Amino acid sequence: MYAKYIKRCLDFILSVCGLIVLSPILVVLTILGSIFMYGNPFFIQERPGKDEKIFKLIKFRTMDNRMDAHGNLLPDEVRLSK
C-alpha cells in the first residue's frame, strides 16, 4: 500500500515544492541560456524508459552549436559554455 499510494503522493508533493523553490533559478538560467546560446537553451534527447517506451529528456544546454566555415561543429573545448 505504501509503494502504491503514499509514496506516489509524497513524491508529487515534494517535487511540486522543489519546483516552486527552484523556479526563480530556473527562470534566470533559461533567460541567460537563451542569450548566450543564441536561441534554445534546452537540449532534448529521446531515451528508452520502462518497457522500452521512449520518453523525451529535457536538459539545459551546456554547449552551443557553433560551426566552422565547412559546416563542421567546432571542438568541444571551444563550444562549452561558462
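The values are calculated or read from the model by the stated rules, or taken from the named source; none is laboratory data. It should be emphasised that the depicted structure is a prediction, and the values quoted were computed from it without experimental measurement. A quick note on method: Cβ atoms are made from the backbone with ideal geometry, for glycine too, and the neighbour counts reach across all protein chains shown. Each accessible area value is taken on the protein alone, full model and side chains, heavy atoms only, with ligands, DNA and RNA left out. Shrake-Rupley method; radii C 1.70, N 1.55, O 1.52, S 1.80 Å.
Some notes on this structure:
- Summing Cβ point charges (Lys, Arg +1; Asp, Glu -1) relative to the Cα centre of the chain gives a dipole of roughly 380 debye.
- Surface exposure of the chain, expressed per residue as accessible area with a 1.4 Å probe, stands at 89 Å².
- Here Ser81 sits with roughly 60 square angstrom of accessible surface, probe radius 1.4 Å.
- In this view, the solvent-accessible surface of Val21, computed with a 1.4 Å probe and all protein chains in place, comes to about 110 Å².
- Leading residue at positive end of dipole, the chain (Cβ point charges), from Met37, Ile25, Ile6: Ile6
- Take every Cα pair under 8 Å whose residues are at least 6 apart in sequence, average their separation, divide by the length of the chain, and the relative contact order is 16 percent.
- Under the shape rule built on the C-alpha gyration tensor, where the axes satisfy a ≥ b ≥ c, the chain is oblate, since a/c reaches at least 1.5 while a/b does not exceed b/c.
- Accessible surface of the chain [probe 1.4 Å, protein heavy atoms]: carbon and sulfur percent: 67
- Cα long-axis angle, helix 7-36 against the chain (0 to 90 degrees, to the nearest 10): 20
- Accessible area (Å², 1.4 Å probe, nearest 10) - Phe60: 80
- Lys-Lys pairs in the chain that are eight or more residues apart or on separate chains and whose Cα atoms lie under 23 Å of each other come to 6.
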